[in-house]
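Inspection log for the structure reproduced underneath, given as structure tokens.
The values are calculated or read from the model by the stated rules, or taken from the named source; none is laboratory data. Note that the structure is predicted; figures quoted are calculated from it, not measured. Positions of Cβ are generated from backbone atoms using ideal geometry, with glycine treated the same way; all protein chains shown enter the neighbour counts.
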Amino acid sequence: MNCRDYQDLIILLNCGEISDNDRDILKAHIGECSSCAKFEGEVASSLSLLKASRRPSGNVDLLPLVREKLRAPAVQIMPRWALVPALSLIALAVFFTKPVFKVQPQAGYTDMEIVNDLEFVSDYGVIEELAEIESLDKV
């Protein structure tokens with residue numbers, strides 16, 4: 001093994017993720033190699049600083065700070081008075097896009113009356129056949 005392999009084991013040692021056999025081999029190497037001993041000291045001090053920075057200091061009471069944040073008013077994205085013109089514009093857009101005059105279907109016409117009203121039907125044979133079909137339907 002070279003020093004790079006031992007440095008990987010040093011990191012595992014400081015994280016508590018090393019086997020007993022590897023720990024014994026590593027401790028023997030650290031006793032002989034000043035470079036790896038220095039690296040082990042740097043890793044151990046870095047991890048202790050990191051762990052210390054994660055903990056809040058004992059004299060800071062976080063509960064009042066959390067309560068204050070919860071009581072703070074919510075941030076408004078848009079003032080309420082701006083909603084009136086926006087809603088008015090939406091209502092106008094809806095009103096003017098709806099059709100004003102709707103074509104109402106004419107109720108009460110039979111199929112034959114609709115066909116008779118069509119000016120472009122020039123084949124009277126079709127009209128007579130439809131009249132016969134309609135008369136058969138009534139029987």
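List of remarks:
- Cβ separations smaller than 9 Å between residues 6+ apart or across chains give the following pairs from the stretch 1-30 residues that are more than 19 Å from G41 (Cβ to Cβ) to residues that are modelled with pLDDT of 90 or more: M1/I25; M1/H29.
- Just one of the numbered conditions (1) of a type outside the set (V, I, T); (2) modelled with pLDDT of 70 or more; (3) in a loop (DSSP other than H, G, I, E, B) is not true of P56: (2).
- Test set (1) modelled with pLDDT under 90; (2) surrounded by 13 or more Cβ atoms within 10 Å (Cβ to Cβ) - A37 fails condition number: (1)
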